[in-house]
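This report refers to the structure that appears directly beneath it.
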Amino acid sequence: MSVVAVGVFDGLHRGHRALFERALARAAGDRCVAVSFDPHPDVVLAKEFRAVAPLTPLPEKHARLAAMGVELHVLPFTRELAALSPEEFVERHLVTPFAPRALVVGEDFALGRGRAGNVERLRQIGSGHGFEVESVPLLAEGAEVVSASRIRAALAEGRVADAAALLGRRYTLTGLVVHGDKIGRTLGWPTANLRLHDEKAVPALGIYAVWARIAGEREWRAGAMSVGIRPTFDGKLRTLEVHLLGWDGDIYGRDVEVQFVQWLRSELKFDGREALVAAIAADVEHTRQRLAEPENAPELD
C-alpha cells in the first residue's frame with residue numbers, strides 16, 4: 001500500500017513541500033510516491049512550440065524528493081496520455097502500479113482529458129478503488145499563491161531573493177568548470193566558467209552575489225557571478241562565470257554548485273578595460289559586504 005501525490009512539481013517549492021509533508025504524514029511509514037511528468041505538459045499541449053526550461057531537472061527532483069523520503073516516478077507526457085479519461089489514467093498509472101490507499105493533491109488539481117479529473121471526480125473514482133483523496137489548500141505568499149510561474153517571473157527579472165522566498169531555499173545551479181576565453185584572468189579577476197549538466201532555468205542577465213561550493217568540499221565560498229554575454233567584448237553567447245573571492249586554485253573539470261543570494265546590478269557595456277576592471281572591483285566589494293550580513297549566510301545541507 002502507498003500514499004501517492006500527482007503533479008509536475010516543478011521547483012519543489014514551499015507549496016509542493018506542504019503537500020508532501022501531508023502525504024508523508026498519511027503514509028506513516030508506508031511508501032510515499034510522487035508521480036510526475038516529463039516533458040512539462042505545457043510544452044506538449046501548447047499550440048506552438050514553447051521552450052520551458054525546468055526549475056528542477058529530473059536528477060535534482062529525484063535527489064530532493066529522496067531526501068524527504070519520497071519515491072519519484074516519472075511518466076513520459078504525451079498527447080496520448082493527456083487524452084486518457086480520469087478513470088483510465090487512475091487505473092493504469094496509479095492503481096495498478098502503486099495500489100494507493102490515499103491520493104494527496106492540491107485543491108486546484110485536475111488530470112485526464114480536458115482536465116475532467118478534478119478533486120470531486122477523483123473522490124468518486126477513489127471510492128471504487130479503495131483509496132481516499134485529500135486536497136491540500138494552496139499556499140499563499142503575499143496576495144498570490146506560491147507557484148512555479150511566480151518563481152520563473154522572479155528569476156526572469158533577477159529577483160533571486162524573491163524566488164528564494166517562494167522556493168523556501170535559494171535557487172541553485174550546478175555546472176562543470178570548463179575552459180573559457182580567460183578574459184577575467186587577463187583583467188586580474190579570474191573566473192570559473194560553468195557549463196550546466198542539465199537544462200535548467202537561469203536567472204536574468206546581470207551580476208549576483210552568490211555562495212559557491214566546489215564538488216568534494218563542504219566549505220561554501222563567497223563569489224561574484226556574472227550571467228551575461230560580455231557586451232564590452234561584443235559577446236553573443238550567454239556565459240555563466242563566477243569569481244571566487246580569495247581563491248586562486250585550479251578547478252577545471254570539477255563541478256561547482258552556486259547559491260544565488262542577491263542581485264547586484266544589470267550587465268553593462270563599458271568603454272574599455274579600465275572601466276570594466278573598476279566595475280568588477282566594485283562588484284566584488286559589494287559581494288563581500290552583502291555576504292557578510294548574517295541573513296545572507298550560506299544555506300547548509
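Among the residues of segment 1-18, those that are over 17 Å from the mean Cα position of the chain (by Cα) and either surrounded by 24 or more Cβ atoms within 10 Å (Cβ to Cβ) or hydrophobic (A, V, I, L, M, F, W, C) (or both) comprise M1, V3, V4, A5, V6.
With in the same structural domain as R22 (by TED's automatic domain parsing) and touching a Leu at 6+ places or on another chain (Cβ under 6 Å) as the only criterion, which of F98, F109, F89 stands out? Explain how you work it out, then say what you get.
Numbers: F98 fails: touching a Leu at 6+ places or on another chain (Cβ under 6 Å); F109 fails: touching a Leu at 6+ places or on another chain (Cβ under 6 Å).
Selected residue: F89, the only one of F98, F109, F89 that is in the same structural domain as R22 (by TED's automatic domain parsing) and touching a Leu at 6+ places or on another chain (Cβ under 6 Å).
Within segment 114-154, track down each residue that is β-branched (V, I, T) and either within 29 Å of K200 (Cα to Cα) or outside any strand (DSSP E or B) (or both). Within segment 114-154, V119, I125, V136, V145, V146, I151 meet the criteria. Restricting attention to segment 155-171, the residues that are among the hydrophobic types (A, V, I, L, M, F, W, C) and either within 13 Å of V202 (Cβ to Cβ) or not in a helix (DSSP H, G or I) (or both) add up to 4. Hey, any hits in segment 151-165 for a residue that's touching a Ser or Thr at 6+ places or on another chain (Cβ under 9 Å) and among the aliphatic types (A, V, I, L, M)? There is no residue in segment 151-165 that is touching a Ser or Thr at 6+ places or on another chain (Cβ under 9 Å) and among the aliphatic types (A, V, I, L, M). Scanning segment 1-21 for residues that are in contact (Cβ under 8 Å) with a residue 12 or more places away in the chain and assigned to a helix (DSSP H, G or I) returns R14, G15, R17, A18, L19, F20.
The residues of segment 226-266 that are in a loop (DSSP other than H, G, I, E, B) and under 23 Å from the mean Cα position of the chain (by Cα), listed by number, are I229, L237, R238, R254, S266. When the residues of segment 105-125 are filtered to those that are in contact with a strand residue (DSSP E or B) (Cβ under 7 Å, 6 or more places away or on another chain) and over 25 Å from T78 (Cβ atoms), which remaining residue is surrounded by the most Cβ atoms within 10 Å (Cβ to Cβ)? Ranking the qualifying residues of segment 105-125, first place goes to R123. Restricting attention to segment 222-265, the residues that are over 23 Å from E199 (Cβ atoms) and of a type in the set (S, T, N, Q) total 2.
One line per residue, one yes/no per condition, for (1) under 24 Å from H62 (Cα atoms); (2) buried (at least 17 other Cβ atoms within 10 Å of the Cβ):
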position	(1), (2)
G206	no, yes
I214	yes, yes
D250	no, no
D255	yes, no
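When each of E285, E274, E241 is tested for being more than 24 Å from A165 (Cβ to Cβ), crowded, with 20+ Cβ neighbours inside 10 Å, in the same structural domain as A192 (by TED's automatic domain parsing) and not hydrophobic (A, V, I, L, M, F, W, C), the lone residue that passes is E241.
The values are calculated or read from the model by the stated rules, or taken from the named source; none is laboratory data. The shown structure was predicted, so the numbers you read here are calculated from the model rather than taken from an experiment. Ideal geometry is used to build each Cβ from the backbone, glycine not excepted, and the neighbour counts take in all protein chains shown.
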